[in-house]
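Participant: If you scroll down you'll find the structure; I have some questions about it.
The values are calculated or read from the model by the stated rules, or taken from the named source; none is laboratory data. What you are looking at is a predicted structure, and each value in this text was computed from that prediction instead of being measured. Quick reminder, even Gly has a Cβ in these numbers, built from the backbone with ideal geometry, and neighbours come from all protein chains shown.
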Amino acid sequence: MKVGILTFHNAHNYGASLQAYALKMCIQQMGHDVTIVNYRNPKIEGQYPQKLRPKFTKKILNPKNWKQFVYDTIRGIYGQKAWNRQWKAFDQFITEELLDNDRRLIGVDGFECLHKDAYILGSDQIWSSFLTGKLDPVYFGEFKKKERIISYAASLANGKIAESEEAAFVKLLKNVDAISVREEKLAEQIRQLTARVVSTVVDPTLLLKAADYEKIMTTERKLPDGKLPTEEKYVFAYFVVEEKAVEECAKKVARKLGLHLIELHYYHMPENSEANQFADFGPADFLAYIKNAEIVITNSFHGTVFSVIYRRPFYSVYKKNGRVDNLLEFLQISEKHVSSAEEIDEITEIDYEDVHKRLAEYRELSLQFLLENLKLGLYFGFQF
(Lines give C-alpha, C1' and ligand atoms only; values in the text may rest on other atoms or scores of the structure.)
Protein backbone atom coordinates (compact mmCIF):
# COMPACT_ATOMS: atom_id res chain seq x y z
CA MET A 1 0.00 0.00 0.00
CA LYS A 2 1.36 3.46 -0.87
CA VAL A 3 1.14 5.66 2.21
CA GLY A 4 1.96 9.36 2.63
CA ILE A 5 2.57 11.02 6.01
CA LEU A 6 1.66 14.65 6.65
CA THR A 7 3.26 16.18 9.73
CA PHE A 8 5.61 18.99 10.84
CA HIS A 9 8.57 17.07 9.44
CA ASN A 10 10.62 20.17 8.64
CA ALA A 11 10.55 21.58 12.18
CA HIS A 12 14.07 21.83 13.61
CA ASN A 13 12.93 20.30 16.84
CA TYR A 14 14.07 16.96 18.29
CA GLY A 15 10.58 15.73 19.12
CA ALA A 16 9.07 16.77 15.77
CA SER A 17 11.87 15.18 13.73
CA LEU A 18 12.00 11.96 15.70
CA GLN A 19 8.23 11.42 15.83
CA ALA A 20 8.15 11.78 12.03
CA TYR A 21 11.01 9.29 11.70
CA ALA A 22 9.36 6.85 14.10
CA LEU A 23 5.99 6.86 12.33
CA LYS A 24 7.65 6.42 8.95
CA MET A 25 9.71 3.47 10.20
CA CYS A 26 6.70 1.89 11.90
CA ILE A 27 4.59 1.98 8.72
CA GLN A 28 7.56 0.71 6.76
CA GLN A 29 7.96 -2.23 9.15
CA MET A 30 4.33 -3.12 8.47
CA GLY A 31 5.32 -3.69 4.85
CA HIS A 32 3.94 -0.53 3.25
CA ASP A 33 5.59 1.82 0.76
CA VAL A 34 5.71 4.99 2.85
CA THR A 35 6.99 8.52 2.25
CA ILE A 36 6.76 11.76 4.18
CA VAL A 37 5.06 14.35 1.99
CA ASN A 38 7.16 17.50 1.71
CA TYR A 39 4.28 19.89 2.30
CA ARG A 40 5.26 22.89 4.41
CA ASN A 41 2.90 25.19 6.23
CA PRO A 42 4.20 28.78 5.79
CA LYS A 43 3.91 29.78 9.44
CA ILE A 44 5.65 26.64 10.71
CA GLU A 45 8.36 27.16 8.11
CA GLY A 46 8.99 30.68 9.40
CA GLN A 47 9.69 29.48 12.93
CA TYR A 48 12.99 27.88 11.96
CA PRO A 49 15.00 30.50 10.03
CA GLN A 50 18.53 29.69 8.96
CA LYS A 51 19.69 33.02 10.39
CA LEU A 52 18.80 34.16 13.90
CA ARG A 53 16.95 37.44 14.25
CA PRO A 54 18.56 39.63 16.95
CA LYS A 55 16.21 41.54 19.21
CA PHE A 56 16.99 45.22 19.70
CA THR A 57 15.17 47.43 22.18
CA LYS A 58 15.31 51.07 23.27
CA LYS A 59 17.27 49.93 26.33
CA ILE A 60 20.34 49.69 24.10
CA LEU A 61 20.40 53.51 23.83
CA ASN A 62 21.02 53.77 27.56
CA PRO A 63 24.83 53.80 28.24
CA LYS A 64 24.19 51.87 31.47
CA ASN A 65 23.13 48.89 29.33
CA TRP A 66 26.08 48.91 26.91
CA LYS A 67 28.14 46.40 28.90
CA GLN A 68 25.25 43.94 28.88
CA PHE A 69 24.60 44.71 25.21
CA VAL A 70 28.23 43.91 24.28
CA TYR A 71 28.05 40.70 26.33
CA ASP A 72 24.77 39.66 24.69
CA THR A 73 26.16 40.49 21.23
CA ILE A 74 29.22 38.30 21.77
CA ARG A 75 27.06 35.45 23.00
CA GLY A 76 24.75 36.10 20.07
CA ILE A 77 27.61 35.60 17.63
CA TYR A 78 28.42 32.30 19.31
CA GLY A 79 24.72 31.47 19.31
CA GLN A 80 24.56 32.05 15.54
CA LYS A 81 27.51 29.71 14.98
CA ALA A 82 25.93 27.04 17.15
CA TRP A 83 22.59 27.61 15.40
CA ASN A 84 24.29 27.16 12.00
CA ARG A 85 25.74 23.81 13.07
CA GLN A 86 22.42 22.70 14.52
CA TRP A 87 20.52 23.89 11.45
CA LYS A 88 22.85 21.93 9.19
CA ALA A 89 22.50 18.78 11.31
CA PHE A 90 18.70 18.99 11.22
CA ASP A 91 18.64 19.75 7.51
CA GLN A 92 20.76 16.69 6.80
CA PHE A 93 18.58 14.45 9.00
CA ILE A 94 15.37 15.73 7.40
CA THR A 95 16.73 15.32 3.87
CA GLU A 96 18.26 11.87 4.31
CA GLU A 97 16.13 10.11 6.92
CA LEU A 98 12.71 11.71 6.48
CA LEU A 99 12.54 12.70 2.80
CA ASP A 100 14.84 9.99 1.37
CA ASN A 101 16.76 12.77 -0.42
CA ASP A 102 13.64 13.84 -2.35
CA ARG A 103 13.26 17.55 -1.57
CA ARG A 104 10.46 18.29 -4.05
CA LEU A 105 7.95 20.62 -2.39
CA ILE A 106 4.31 19.60 -2.59
CA GLY A 107 1.79 22.43 -2.74
CA VAL A 108 -1.90 22.37 -1.89
CA ASP A 109 -2.75 21.29 -5.44
CA GLY A 110 0.03 18.71 -5.78
CA PHE A 111 -1.39 15.68 -3.98
CA GLU A 112 -3.15 14.08 -6.94
CA CYS A 113 0.17 13.46 -8.71
CA LEU A 114 1.51 11.49 -5.72
CA HIS A 115 -0.85 8.53 -6.35
CA LYS A 116 -1.11 7.45 -2.72
CA ASP A 117 -3.58 4.90 -1.42
CA ALA A 118 -3.72 6.42 2.05
CA TYR A 119 -2.48 9.40 4.01
CA ILE A 120 -1.67 9.52 7.71
CA LEU A 121 -2.13 12.92 9.36
CA GLY A 122 0.16 13.41 12.34
CA SER A 123 1.58 13.23 14.77
CA ASP A 124 2.25 16.61 16.43
CA GLN A 125 0.04 19.70 16.85
CA ILE A 126 -1.03 19.74 13.19
CA TRP A 127 -4.56 20.85 14.16
CA SER A 128 -3.37 23.90 16.09
CA SER A 129 -4.29 27.19 14.42
CA PHE A 130 -1.95 28.87 16.92
CA LEU A 131 0.96 27.15 15.16
CA THR A 132 -0.30 27.02 11.57
CA GLY A 133 -1.78 30.54 11.43
CA LYS A 134 -5.26 29.18 10.83
CA LEU A 135 -6.68 25.68 10.60
CA ASP A 136 -4.73 24.22 7.69
CA PRO A 137 -7.10 22.10 5.53
CA VAL A 138 -4.19 20.02 4.23
CA TYR A 139 -3.65 18.58 7.71
CA PHE A 140 -7.30 17.47 7.66
CA GLY A 141 -7.05 15.73 4.27
CA GLU A 142 -9.06 18.38 2.41
CA PHE A 143 -7.25 17.33 -0.80
CA LYS A 144 -8.92 13.91 -0.60
CA LYS A 145 -10.16 12.23 -3.78
CA LYS A 146 -10.51 8.51 -3.09
CA GLU A 147 -7.56 8.03 -0.71
CA ARG A 148 -8.10 6.72 2.81
CA ILE A 149 -7.34 9.41 5.39
CA ILE A 150 -6.21 8.44 8.89
CA SER A 151 -5.14 10.73 11.71
CA TYR A 152 -2.50 9.36 14.07
CA ALA A 153 -1.85 11.06 17.43
CA ALA A 154 -2.94 14.42 16.03
CA SER A 155 -3.04 17.22 18.56
CA LEU A 156 -3.37 20.95 19.07
CA ALA A 157 -2.23 23.56 21.57
CA ASN A 158 -3.61 22.90 25.05
CA GLY A 159 -5.19 19.69 23.75
CA LYS A 160 -8.58 21.38 23.36
CA ILE A 161 -10.58 22.76 20.42
CA ALA A 162 -11.54 26.41 20.91
CA GLU A 163 -15.28 27.02 20.87
CA SER A 164 -14.86 29.42 17.94
CA GLU A 165 -13.30 26.61 15.86
CA GLU A 166 -15.67 23.75 16.71
CA ALA A 167 -17.88 24.14 13.62
CA ALA A 168 -14.82 24.23 11.33
CA PHE A 169 -13.41 21.13 13.01
CA VAL A 170 -16.63 19.17 12.53
CA LYS A 171 -16.64 20.04 8.84
CA LEU A 172 -12.95 19.31 8.24
CA LEU A 173 -13.02 16.01 10.15
CA LYS A 174 -15.51 14.64 7.61
CA ASN A 175 -12.47 14.08 5.38
CA VAL A 176 -10.88 11.79 7.97
CA ASP A 177 -11.91 8.12 7.76
CA ALA A 178 -10.33 7.05 11.07
CA ILE A 179 -9.48 9.44 13.90
CA SER A 180 -6.87 9.01 16.60
CA VAL A 181 -5.43 11.76 18.77
CA ARG A 182 -2.76 12.14 21.41
CA GLU A 183 -4.81 13.35 24.39
CA GLU A 184 -7.88 11.71 25.90
CA LYS A 185 -9.36 15.15 26.66
CA LEU A 186 -9.27 16.00 22.95
CA ALA A 187 -10.65 12.57 22.00
CA GLU A 188 -13.65 13.05 24.28
CA GLN A 189 -14.33 16.53 22.87
CA ILE A 190 -14.29 15.22 19.29
CA ARG A 191 -16.60 12.35 20.26
CA GLN A 192 -19.09 14.85 21.66
CA LEU A 193 -18.88 17.09 18.60
CA THR A 194 -19.06 14.37 15.94
CA ALA A 195 -20.58 11.28 17.62
CA ARG A 196 -17.72 9.29 16.06
CA VAL A 197 -15.27 6.71 17.37
CA VAL A 198 -12.02 8.43 18.37
CA SER A 199 -8.98 6.54 19.68
CA THR A 200 -6.12 7.78 21.85
CA VAL A 201 -2.71 6.45 20.88
CA VAL A 202 0.93 6.78 21.94
CA ASP A 203 3.31 9.33 20.52
CA PRO A 204 4.99 7.77 17.44
CA THR A 205 8.39 7.78 19.15
CA LEU A 206 7.01 5.14 21.54
CA LEU A 207 5.99 2.84 18.67
CA LEU A 208 9.65 1.92 18.16
CA LYS A 209 12.02 0.19 20.55
CA ALA A 210 15.54 1.30 21.47
CA ALA A 211 17.17 -0.93 18.84
CA ASP A 212 15.13 0.75 16.08
CA TYR A 213 16.96 4.04 16.68
CA GLU A 214 20.48 2.58 16.47
CA LYS A 215 20.67 3.25 12.72
CA ILE A 216 20.49 7.01 13.16
CA MET A 217 22.38 7.44 16.43
CA THR A 218 25.80 9.10 16.30
CA THR A 219 28.92 7.63 17.89
CA GLU A 220 31.19 10.46 16.82
CA ARG A 221 30.21 13.49 18.91
CA LYS A 222 33.01 14.49 21.26
CA LEU A 223 33.13 16.55 24.41
CA PRO A 224 35.47 19.55 24.69
CA ASP A 225 38.07 17.30 26.34
CA GLY A 226 37.99 14.95 23.35
CA LYS A 227 36.24 12.07 25.08
CA LEU A 228 33.25 10.29 23.61
CA PRO A 229 30.05 10.36 25.70
CA THR A 230 30.44 6.64 26.47
CA GLU A 231 33.91 7.17 28.00
CA GLU A 232 32.96 9.42 30.91
CA LYS A 233 29.93 9.27 33.15
CA TYR A 234 27.73 12.36 33.07
CA VAL A 235 24.38 13.92 33.92
CA PHE A 236 22.54 15.13 30.83
CA ALA A 237 20.22 18.13 31.07
CA TYR A 238 18.00 19.00 28.12
CA PHE A 239 16.14 22.32 28.06
CA VAL A 240 13.27 22.51 25.55
CA VAL A 241 12.74 26.00 27.03
CA GLU A 242 15.04 27.83 29.43
CA GLU A 243 13.91 27.31 33.03
CA LYS A 244 15.92 27.99 36.17
CA ALA A 245 14.42 24.99 37.96
CA VAL A 246 15.91 22.59 35.40
CA GLU A 247 19.34 24.18 35.84
CA GLU A 248 19.11 23.92 39.63
CA CYS A 249 17.96 20.29 39.52
CA ALA A 250 20.74 19.35 37.10
CA LYS A 251 23.43 21.01 39.24
CA LYS A 252 22.13 19.34 42.41
CA VAL A 253 22.07 15.88 40.86
CA ALA A 254 25.52 16.29 39.29
CA ARG A 255 27.00 17.38 42.63
CA LYS A 256 25.19 14.63 44.50
CA LEU A 257 26.53 11.95 42.16
CA GLY A 258 29.92 13.58 41.61
CA LEU A 259 29.45 13.53 37.83
CA HIS A 260 30.15 15.74 34.84
CA LEU A 261 27.16 17.91 33.79
CA ILE A 262 26.34 18.28 30.10
CA GLU A 263 23.59 20.68 29.06
CA LEU A 264 21.75 20.88 25.75
CA HIS A 265 20.05 24.22 25.07
CA TYR A 266 18.16 25.44 22.04
CA TYR A 267 20.69 28.11 21.13
CA HIS A 268 20.85 30.55 24.05
CA MET A 269 23.10 29.29 26.83
CA PRO A 270 23.11 30.93 30.26
CA GLU A 271 26.47 31.09 32.03
CA ASN A 272 27.20 27.95 34.02
CA SER A 273 30.81 27.11 34.78
CA GLU A 274 29.73 23.78 36.20
CA ALA A 275 28.59 22.37 32.85
CA ASN A 276 29.71 21.61 29.33
CA GLN A 277 27.05 23.37 27.25
CA PHE A 278 25.94 22.64 23.73
CA ALA A 279 23.40 24.22 21.42
CA ASP A 280 24.31 22.55 18.15
CA PHE A 281 23.10 18.95 18.45
CA GLY A 282 21.18 17.23 15.69
CA PRO A 283 18.67 14.42 16.38
CA ALA A 284 21.42 11.77 16.22
CA ASP A 285 23.45 13.52 18.95
CA PHE A 286 20.33 14.03 21.07
CA LEU A 287 19.65 10.28 21.11
CA ALA A 288 23.27 9.35 21.86
CA TYR A 289 23.58 11.67 24.84
CA ILE A 290 20.37 10.42 26.43
CA LYS A 291 21.27 6.77 25.86
CA ASN A 292 24.72 7.15 27.43
CA ALA A 293 23.75 9.38 30.36
CA GLU A 294 23.84 8.18 33.95
CA ILE A 295 20.71 10.27 34.56
CA VAL A 296 18.64 12.75 32.52
CA ILE A 297 17.13 16.02 33.77
CA THR A 298 14.65 17.63 31.38
CA ASN A 299 11.52 19.72 30.96
CA SER A 300 10.78 18.09 27.61
CA PHE A 301 8.16 15.47 26.77
CA HIS A 302 10.47 13.77 24.29
CA GLY A 303 13.41 14.06 26.68
CA THR A 304 11.26 12.04 29.08
CA VAL A 305 10.13 9.61 26.36
CA PHE A 306 13.66 8.72 25.28
CA SER A 307 14.79 8.39 28.89
CA VAL A 308 12.10 5.73 29.24
CA ILE A 309 12.98 4.06 25.92
CA TYR A 310 16.66 3.83 26.91
CA ARG A 311 15.81 2.87 30.51
CA ARG A 312 17.72 5.81 31.98
CA PRO A 313 17.08 7.28 35.43
CA PHE A 314 15.52 10.73 35.00
CA TYR A 315 13.61 13.63 36.47
CA SER A 316 11.00 15.59 34.51
CA VAL A 317 11.08 19.15 35.83
CA TYR A 318 8.01 21.30 35.26
CA LYS A 319 5.09 23.01 36.96
CA LYS A 320 2.45 22.06 34.42
CA ASN A 321 2.72 19.64 31.50
CA GLY A 322 -0.32 17.50 30.74
CA ARG A 323 1.47 15.33 28.18
CA VAL A 324 4.22 14.31 30.60
CA ASP A 325 1.72 13.90 33.45
CA ASN A 326 -0.35 11.47 31.36
CA LEU A 327 2.71 9.44 30.38
CA LEU A 328 4.12 9.21 33.90
CA GLU A 329 0.74 8.35 35.39
CA PHE A 330 0.15 5.59 32.84
CA LEU A 331 3.62 4.13 33.46
CA GLN A 332 3.08 4.57 37.24
CA ILE A 333 6.25 6.58 37.79
CA SER A 334 4.72 9.96 38.68
CA GLU A 335 7.35 10.36 41.41
CA LYS A 336 9.79 11.24 38.62
CA HIS A 337 8.01 14.58 38.20
CA VAL A 338 9.49 17.38 40.29
CA SER A 339 9.00 21.13 40.11
CA SER A 340 12.12 22.21 42.02
CA ALA A 341 15.50 20.97 43.24
CA GLU A 342 14.18 20.85 46.81
CA GLU A 343 12.03 17.85 45.83
CA ILE A 344 15.08 15.78 44.87
CA ASP A 345 16.48 13.96 47.87
CA GLU A 346 17.45 10.34 47.38
CA ILE A 347 17.73 9.32 43.73
CA THR A 348 15.70 6.13 43.42
CA GLU A 349 15.84 3.52 40.69
CA ILE A 350 13.02 2.89 38.23
CA ASP A 351 11.61 -0.62 37.80
CA TYR A 352 11.92 -0.60 34.03
CA GLU A 353 10.74 -4.19 33.66
CA ASP A 354 7.34 -3.11 34.99
CA VAL A 355 7.41 0.18 33.07
CA HIS A 356 8.11 -1.51 29.74
CA LYS A 357 5.38 -4.10 30.31
CA ARG A 358 2.88 -1.26 30.62
CA LEU A 359 4.40 0.53 27.65
CA ALA A 360 4.16 -2.64 25.53
CA GLU A 361 0.42 -2.87 26.22
CA TYR A 362 -0.20 0.73 25.15
CA ARG A 363 2.08 0.35 22.14
CA GLU A 364 0.18 -2.75 21.03
CA LEU A 365 -3.17 -0.92 21.08
CA SER A 366 -1.70 1.91 19.02
CA LEU A 367 -0.13 -0.46 16.49
CA GLN A 368 -3.45 -2.24 16.21
CA PHE A 369 -5.16 1.04 15.30
CA LEU A 370 -2.72 1.55 12.43
CA LEU A 371 -2.81 -2.07 11.26
CA GLU A 372 -6.60 -2.24 11.19
CA ASN A 373 -7.15 1.10 9.51
CA LEU A 374 -4.51 0.60 6.85
CA LYS A 375 -5.87 -2.89 6.20
CA LEU A 376 -9.31 -1.38 5.61
CA GLY A 377 -7.82 0.10 2.46
CA LEU A 378 -8.32 -3.31 0.88
CA TYR A 379 -12.08 -2.80 1.00
CA PHE A 380 -11.65 0.36 -1.03
CA GLY A 381 -9.86 -1.51 -3.79
CA PHE A 382 -6.32 -0.54 -2.77
CA GLN A 383 -3.43 -2.94 -3.28
CA PHE A 384 -0.78 -3.79 -0.71
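Participant: Which of (1) assigned to a strand (DSSP E or B); (2) more than 23 Å from D212 (Cβ to Cβ) is the odd one out, the single condition D325 does not satisfy?
Facilitator: Single failed check for D325: (1).
Participant: What about S334, is it free of Cβ contacts under 8 Å to residues at least 12 places away in the same chain, more than 17 Å from the chain's Cα centre (by Cα) and closer than 22 Å to G159 by Cβ? Break it down into steps so the answer makes sense when it comes.
Facilitator: Details: free of Cβ contacts under 8 Å to residues at least 12 places away in the same chain: yes; more than 17 Å from the chain's Cα centre (by Cα): yes; closer than 22 Å to G159 by Cβ: yes.
Here the answer is yes, as S334 does meet what is asked.
Participant: For residues that are assigned to a helix (DSSP H, G or I) and either at pLDDT below 60 or farther than 30 Å from A118 by Cβ (or both), tally how many sit in the range 31-64.
Facilitator: First, the residues of the range 31-64 that are assigned to a helix (DSSP H, G or I): 42-46, 58-61, 63-64.
Then keep just the ones that are either at pLDDT below 60 or farther than 30 Å from A118 by Cβ (or both); that gives 58-61, 63-64.
Total satisfying the criteria: 6.
Participant: Take the residues in the range 140-171 that are acidic (D, E) and closer than 23 Å to F369 by Cα, then tell me which one is nearest to the chain's Cα centre (by Cα). Walk me through it before giving the result.
Facilitator: If we filter the range 140-171 for residues that are acidic (D, E), which is where we start, we get 142, 147, 163, 165-166.
With closer than 23 Å to F369 by Cα added as a condition, the list becomes 142, 147.
On the way: E142: 25, E147: 27 Å.
Going through the qualifying residues, I end up with E142.
Participant: Turning to a different aspect of this structure: Can you name every residue in the range 124-142 that is of a type in the set (F, W, Y) and at pLDDT 95 or above? Lay out the reasoning, then the answer.
Facilitator: Filtering the range 124-142 for residues of a type in the set (F, W, Y) gives 127, 130, 139-140.
Residues satisfying the conditions are W127, Y139, F140.
Participant: Sticking with this one: Looking for something crowded, with 21+ Cβ neighbours inside 10 Å, assigned to a loop (DSSP other than H, G, I, E, B) and modelled with pLDDT under 85 - is there at least one such residue anywhere in the range 238-245?
Facilitator: Of all residues in the range 238-245, those crowded, with 21+ Cβ neighbours inside 10 Å come to 238-239.
Among the residues that remain, those that are also assigned to a loop (DSSP other than H, G, I, E, B) are: 239.
If we keep only those that are modelled with pLDDT under 85 as well, we get none.
No, there is no match, as no residue in the range 238-245 is crowded, with 21+ Cβ neighbours inside 10 Å, assigned to a loop (DSSP other than H, G, I, E, B) and modelled with pLDDT under 85.
Participant: When the range 84-124 is examined, which residues are found to be under 24 Å from C26 (Cα atoms), part of a loop (DSSP other than H, G, I, E, B) and β-branched (V, I, T)? Before you say what the answer is, go through the steps one by one.
Facilitator: Going through the range 84-124, the residues under 24 Å from C26 (Cα atoms) turn out to be 89-106, 111, 114-124.
Applying the additional criterion that residues be part of a loop (DSSP other than H, G, I, E, B) yields 99-106, 111, 115-117, 122-123.
Correct list: I106 only.
Participant: Find the residue count for the range 141-174, including only residues that are touching a Pro at 6+ places or on another chain (Cβ under 8 Å) and either exposed (fewer than 15 other Cβ atoms within 10 Å of the Cβ) or not hydrophobic (A, V, I, L, M, F, W, C) (or both).
Facilitator: 1
Participant: For L193, state whether it is closer than 23 Å to N326 by Cβ and buried (at least 18 other Cβ atoms within 10 Å of the Cβ).
Facilitator: Details: closer than 23 Å to N326 by Cβ: yes; buried (at least 18 other Cβ atoms within 10 Å of the Cβ): no.
No, not satisfied.
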